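Worksheet: the structure to be examined is printed underneath.
A short reminder: the numbers here are calculations on the coordinates, not readings from a lab. The structure displayed is predicted, hence computed values, not measured ones. Here Cβ is always computed from backbone atoms with ideal geometry, including for glycine, and neighbour counts include all displayed protein chains.
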Amino acid sequence: MVQLTLVLPFALPAPEFAPDLVRSLQAPALAALVSRTATHHRQPYDQTARALPHEVWLARALGLEQHGQPGFAVAAMRGFGLDPQDGTWFIINPSHIEIARSHLMMPDLRQLDLHDADSRALFDAARPYVEEAGHTLEYGDAQTWFMRADDWAGMDTSTPDAAVGMNLTDCMPTGPRALAYRKLQNEIQMLWYTHPANAARESRRQPPVNAFWLWGAATTNSTASPKTVVPAQAGTHAELPKSANGTTVAAFESPGWLSALATERLTSLPQVGATQADTLLIAGNVAAPAIAADWSGWLYEMQRLESELFAPLLAALAAGRIKQLKLVMSHRDAHAEFTTTAMAQRKFWRRPTLERLI
């Protein structure tokens, strides 16, 4: 029998809409999983972390927390088949920054719709500027690049999902080298302003890529989590982290950097029900509608999880194929953990309800 942990970013309904969303959600399997539990608790968000609750949870579970921040860069590089060698590496996300009424803000990067050809062109244009500044730039995928900047170690940064929709003044990197970051950002912004790739994007009524988001710093010589060698991309192999207890990490509909942390990248949810190994699954399909406050879309994706994941896993628990199931669900301000077992599901006197999501 296996133990399964599901990490579901933004699957907790936003507090201000939670009562109405819970009433609209038809999810009896999820209700059983969160009501008939062996343990459950809710953890408030640490406002100083500059990362979302599920990101902090994952960093700790995977042994990738550095200096109190999620340090995903080195592990994600390995997931893309890149060799980080030595030094301090950051994740770089090409992004679009726009002017709101009184401040700068960054929309959800999932909506940027940046494809490989445009991303490669922008990457190739920026690379000489990064190298002139004494750094190294590496390409992961269209939305995930990496920069080595040893002298920027200790920079305090925010994850992109923590910064989305916020006043970017409060989210920009801080520290002794923040001025150097802003100088490089400005140079690349001017370079990209008239770049043909952005002109083509604007002709297609897509937002220009006019900035890069820097975060997730990790130093190779302090990344000490257990590793396993697995296929990363066609023709490459990479060392990827397992969780602290050796659990396989799987990802479904997650951003590129997050999928790169996984040893298995799922194309459909039912695959996880057939696993014969302890698994930590990150299902990111609910995040985009939640960030956009598209609550009909949020309900649709939660109903999808109900039919494709929660109901089959509840049946697997009842049949004894799963020993223990943990749900880690979050919104911007907190995360909740619900642990259930076959024995806990026999607590018939506990009425299945979704009230614990409120």
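Fewest Cβ neighbours within 10 Å first, please rank Met343, Met166 accordingly.
Working: Met343 11, Met166 15.
The fewest-first ordering by Cβ neighbours comes to Met343, Met166.
Per-residue ellipticity at 222 nm for the chain, helices alone: DSSP H runs ≥ 4 residues times -39500 (n - 2.57), over residue total, nearest 500 deg cm²/dmol?
On the way: 12 runs with 105 residues, N = 358.
That calculation yields -8000 deg cm²/dmol at 222 nm.
Using the Kirkwood radius over Cα pairs, work out the Stokes-Einstein diffusion coefficient for the stretch 1-45 at 4 °C and 1.567 mPa s, in µm²/s as a whole number. List each step's numbers first, then the result.
On the way: Rh = 12.7 Å.
My calculation gives 102 µm²/s for D.
Take every Cα pair under 8 Å in the chain that's 6+ residues apart, average their separations, divide by the length, and report that relative contact order as a whole percent. Numbers along the way, then the final one.
Numbers: 711 pairs, mean separation 126.9, N = 358.
Relative contact order, the chain: 35 percent.
Considering the chain as a Gaussian network with a 10 Å cut-off on Cα pairs, which listed residue, Ala75, Ala315, Ala32, attains the greatest mean-square fluctuation?
Maximum among the listed residues: Ala315.
Length gain on complete extension for the stretch Ala334 to Glu355, per 0.36 nm per residue less the alpha carbon to alpha carbon distance? Mind showing how you got there, number by number?
On the way: separation 21, 0.36 × 21 = 7.56 nm, distance 1.58 nm.
So the chain would gain 6.0 nm between Ala334 and Glu355.
If you project the alpha carbons of the stretch 69-220 onto the principal axes, what extent comes out on each, in Å, largest first?
That works out to 41, 33, 27 Å along the principal axes.
Only bridges whose two residues both fall in the chain count here: according to DSSP, what percent of them are antiparallel, nearest 5?
Numbers: 40 of 59 bridges.
Looking only at bridges with both residues in the chain, the antiparallel portion is about 70 percent.
More than 20 Å apart: what percent of Cα pairs in the stretch 39-132 qualify? Numbers along the way, then the final one.
Numbers: 2533 of 4371 pairs.
In whole percent, the share of Cα-Cα pairs in the stretch 39-132 beyond 20 Å is 58.
Roughly how many whole Å is it from the C-alpha centroid of the stretch 67-143 to that of the stretch 190-206?
18 Å
Which value, in nm² and rounded to one decimal, describes the direction-averaged projected area of the C-alpha convex hull of the stretch 277-329? Write down the numbers at each step before the final one.
Numbers: hull surface 15.7 nm².
Its Cα hull, projected and averaged over all orientations, spans 3.9 nm².
What number of lysine-lysine pairs in the chain show an alpha-carbon separation below 21 angstrom, given a sequence spacing of 8 or more or placement on distinct chains? Mind dumping the intermediate values first?
Working: Lys227/Lys242; Lys242/Lys323; Lys242/Lys326; Lys323/Lys347; Lys326/Lys347.
Step by step, the pairs that qualify in the chain add up to 5.
Which residue, Phe90, Phe80, Phe212, has the most motion in a Gaussian network model of the chain that connects Cα atoms within less than 10 Å?
Most flexible of the set in this elastic network: Phe212.
Over the stretch 69-220, what is the relative contact order in whole percent, taking alpha-carbon pairs under 8 Å and six or more residues apart?
Working: 246 pairs, mean separation 60.7, N = 152.
The value is 40 percent.
Running a GNM on the chain with Cα contacts under 10 Å, which residue among Arg110, Arg204, Arg127 ends up with the highest mean-square fluctuation?
Arg204
When averaged across all projection directions, what area in nm² does the alpha-carbon convex hull of the stretch 145-224 cover? Don't jump to the answer; show the numbers that get you there.
On the way: hull surface 26.7 nm².
Hull-based average projected area comes out at 6.7 nm².
In the P(r) worked out for the stretch 1-90, what percent of Cα pairs fall beyond 14 Å?
Numbers: 3068 of 4005 pairs.
Of the Cα pairs, 77 percent sit more than 14 Å apart.
Quick one, can you get me the convex hull of the C-alpha atoms of the chain expressed as volume per residue in Å³?
Values: hull volume 49.1 nm³, N = 358.
It comes to 137 Å³ per residue, whole-number rounded.
Which far-off residues, 5 or more places away or on another chain, put their amide H under 5 Å from the one on Val7, with H placed in the peptide plane?
Leu281, Ile282, Ala283, Val328
Between Ser24 and Asp141, how high is the FRET efficiency from 1/(1 + (r/R0)^6) when r is the Cβ-Cβ distance and R₀ = 41 Å? Nearest 0.05. Intermediate results must be reported in sequence, preceding the final value.
Values: r = 35 Å, r/R0 = 0.87.
With R0 = 41 Å, the Cβ-Cβ based efficiency is 0.70.
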